[in-house]
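Structure first, commentary second.
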């Protein structure tokens, strides 16, 4: 649920001004008070962070559904960011993940058991906080090196973009890069998928060998 | 810039869940959130405002129209498939653990021996 809110506030940040303008059309409070349209996405982000405390949802099925919401939100983000291939792949991958997760829950329990006042909770929480602070430091350090949003320069892929049609005959540049320019990487990906399939088969084998001694 | 920061918060959400939760299913969900934040970050960096999707039917289009960077998209496409594979592997292990111990709680599993 937390991620849900963060992803949806994310859409609004994609076009903050446009959202604020259109939001005044249908929201009563925003009609009176223009700034509200700008504040609303931040409110939603805050809600997302609040819901973090509710990451302890007792029902695992609802947690899985919330994760599905995040995944499908990502699909819309990809479409807004002009990446249709990714949207297609993500929608398939997300659906398969949810089906597998629901199948796992169907075979086991829906409810989360937890020990009351565990000592480990404090250790975990402090570890999470320390890790967050360390990552924050590096992020603040690194963000100045990134180009501002929307002003990316085609430094690395200029060769791919301008030669794709001539060299590969693919009109879809993503597929041209994936299957022709970087076909070896794709072979690696296929190898990973194959290995995982074998691993899953080995793990889920019904009859294991029984040790006799 | 606010988009990058938001993406980072999504990453922190996932990491928080990863460290806090003791249920295997919740750990998988947190891992997925971390993955999603990384994908979004890469795609955000590759975005060019006013650019068209990297699907081109006429070469003349390239002369006067910016195209969104296809390279991060390709990398993320690979990463999505690998993330799916990893997730299914973890879930397979989770179902085996449940069959053996009757619980998803990693704290309890570490207490039980055998």
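Some observations on this one:
- Cα-based equivalent ellipsoid, the stretch A:125-213: semi-axes from gyration tensor eigenvalues, Å: 39, 32, 8
- Peptide B:90-103 is shielded by partner chain Cβ atoms: per residue, an average of 4 of them sit within 10 Å of its Cβ.
- Quarter of the Cα convex hull surface for chain B, i.e. its orientation-mean projected area (nm²): 9.1
- For the segment A:75-86, counting C-beta atoms of other chains within 10 Å of every residue's C-beta and taking the mean gives 6.
- Considering the stretch A:154-205 at the alpha-carbon level, its Rg and Dmax are found to be 15.8, 49 Å.
- When A:136, B:75, A:198 are arranged by Cβ crowding within 10 Å, least crowded first, meaning fewest neighbours, the order is A:198, A:136, B:75.
- Rg/Rh for the stretch A:80-147, where both radii come from Cα atoms and Rh is the Kirkwood radius: 1.17
- Taking chain B and dividing mean pair separation by its residue count, relative contact order in percent (alpha carbons under 8 Å, at least six apart): 27
- For residues of A:94-101, the mean tally of beta carbons on other chains within 10 Å: 4
- Per-residue Cβ neighbour rank within 10 angstrom, fewest leading, A:60, A:131: A:131, A:60
- MRE, 222 nm, helices only [DSSP H, n ≥ 4, -39500 (n - 2.57), over chain B, to nearest 500]: -24500 deg cm²/dmol
- Ranked by the mean number of other Cβ atoms within 10 Å of their residues, highest first, the peptides B:13-22, A:83-92, A:156-165, B:52-61 come out as B:13-22, A:83-92, A:156-165, B:52-61.
- Debye intensity ratio in log₁₀ form over the Cα atoms of the stretch B:35-96, taken at each q of 0.12, 0.18 Å⁻¹: -0.44, -0.72
- For B:32, B:103, order by how many other beta-carbon atoms lie within 10 Å, fewest first: B:103, B:32
Since every read-out is calculated from the coordinates, none of them should be taken as a lab result. Remember, predicted model here, so these are calculated numbers, not experimental data. Every residue, glycine as well, gets a Cβ built from its backbone with ideal geometry; the counts of neighbours run over all protein chains shown.
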